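Report on one structure; see the data block that follows.
A short reminder: the numbers here are calculations on the coordinates, not readings from a lab. Everything numeric in this text was worked out from a predicted model, so none of it was measured. Don't worry about glycine lacking a Cβ; one is built from the backbone with ideal geometry, like all the others, and counts go over all protein chains shown.
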C-alpha cells in the first residue's frame with residue numbers, strides 16, 4: 001500500500017513491534033473456530049389460536065390427499081389456516097367433500113414442510129430448523145398462516161451471510177417477501193462486494209447488480225471492483241460460465257471495432273455500466289489501460305469522464321478549488337461523486353495503508369489499531385513539485401463506517417464530516433467503545449475536490 005515517513009503520534013510506540021503493517025488479508029487461527037458462531041439455531045415457533053378445546057380432542061372428519069398420502073384431519077383444526085378456512089367453509093365444492101385432493105406445483109412445498117405445518121396447527125408449536133426454513137416459509141405463505149410466515153422471515157434474516165445473500169434475495173423477490181428482501185438488500189449494500197468471493201458472485205443477476213451499483217450507499221472495495229464484476233457478468237451471459245483466466249474470452253470483444261455496449265448483446269448492460277462512477281475509476285493508469293483495451297465502454301463516455309477529471313485538476317492547480325464544503329456540496333452531490341474504498345480486517349493488529357491511484361493531489365494514509373481509525377495527509381518530500389503541495393490547506397468531505405462482517409446488523413453511519421487538513425496533519429475519524437469482532441470491514445466515502453461545474457451545474461463524474 002506504500003511506505004510512510006512517519007506514523008501518527010499516538011502510534012509511535014508500536015514501531016518496536018514486528019510485522020505490524022498489514023498489506024494483505026490475513027486469517028488468524030486464534031480468531032476462528034471450526035464452528036460458525038453466527039450459524040442459525042433451531043427455533044421454536046408458538047402458534048396462538050382461538051380453539052376452545054385441545055386439538056387432541058378433535059376427531060378426523062376430512063381426508064387430505066397430497067404428496068401420494070392420505071392425511072386424516074379435522075376441519076376446525078385446518079381452518080386455523082385462512083386457505084383451508086376459505087376452502088372448507090366457502091362456496092367451493094370441497095366444503096361438502098370428505099376427501100380433498102391438493103396439488104402443489106411449487107417444488108419448495110413438499111411432504112416434509114406440509115407435515116410441519118400440520119404439526120403446528122395441531123400442537124400449536126414446533127421446532128423449525130434452517131435446513132427446511134425456506135420450505136416452511138413458502139408452505140405457510142401458500143396456506144396463508146401469516147404468523148408463521150412472519151416467524152420464518154425473521155429467522156431467514158438472521159441467516160444472511162456472503163455465501164447465501166444473493167440466493168436469499170432472489171428467493172424473497174420470487175415470493176414477494178418484502179421484509180426479507182429489504183433486509184438482505186441493505187445487507188448486500190454493506191457487505192456483499194467487500195467480502196464475497198467471485199464464485200459466489202457468479203449467481204448475481206444483471207438486474208440485481210444494476211440495482212446495487214446504482215445505489216449511492218453501496219460499499220465496495222474500490223470503484224474498479226464494480227467494473228470487474230460487470231465484466232464477469234458479461235462473460236457468464238455470453239459464455240454460460242465464468243473462468244478466472246478469461247483473456248482469450250475477452251479477445252473477441254477487444255478485436256471488435258464497435259464497443260460492446262453499443263452492440264445488440266451489450267445493450268442490456270448499458271444501464272449498469274452507466275451507473276459506475278467512471279471518473280473515479282480512471283484515476284489509475286492501470287485502470288485506464290484496461291478499460292481502453294477491453295473495448296466495452298464507448299470512447300465518448302471515457303473521454304467525457306477524463307475531461308471532467310482534468311478540469312477539476314486544473315481548478316486545483318489554479319487555486320480555484322480548495323476542496324468541498326457543506327456550503328457548496330449537498331448530500332446528493334456527495335453520494336454521486338465521492339470515491340469509495342473498503343478494507344476487510346481479518347485479525348487484531350495494527351494496520352496501515354495508503355490510497356492507491358490519483359486522489360486529486362491529496363495523498364492520504366489510514367491507520368487502525370482495533371479501536372481508533374486515524375487519517376493522515378501524507379507529505380512526500382521528494383515530490384515538491386506536485387500539485388498536492390501548491391495548497392498547504394485543503395478540505396475533504398468523508399463518511400466512514402466500521403461493521404462486523406458476519407453480523408446481520410444493517411445500521412450504518414450517515415453523517416458526512418468535513419475536515420481541513422494541512423501537510424502531514426492527522427485526524428482521528430472514529431473511536432470504538434470496544435474492539436470489533438473479526439473479520440470487520442472499514443469503509444470510507446471521500447470527496448477530495450469540488451466536482452467540475454459548467455453552466456449547467458454539477459455533472460456526474
Quick check on the exposure proxy: order 70, 96, 277 from fewest to most C-beta atoms within 10 angstrom.
96, 70, 277
Can you give me the distance in nm between label points at residue 123 and residue 167, each placed 7 Å from the Cα along the Cα-to-Cβ direction?
2.7
Let me know the Kirkwood hydrodynamic radius for the range 79-119, please, with Cα pairs as the basis and the value in Å to one decimal.
11.5
Spin-label model distance (nm) - residue 288 vs residue 206, 7 Å beyond Cα toward Cβ
3.0
Test of understanding: ordering 395, 130 by Cβ neighbours within 10 Å, fewest first, what list do you get?
130, 395
Inter-site label distance for residue 413 and residue 61 at 7 Å from Cα along Cβ, in nm:
6.4
Based on the Cβ-Cβ distance from residue 214 to residue 82, what FRET efficiency comes out when R0 is 41 Å, to the nearest 0.05?
0.60
If I stretch the segment between residue 262 and residue 428 completely, what's the gain in nm (0.36 nm per residue apart, minus their alpha carbon distance), one decimal?
55.1 nm
Range of Cα positions in the range 248-372 per principal axis (Å), largest first
50, 42, 25
Most exposed first, judged by fewest Cβ atoms within 10 angstrom, 187, 198 run 198, 187
Extent along principal axes [Cα atoms of the range 49-198; Å; largest to smallest]:
57, 30, 25
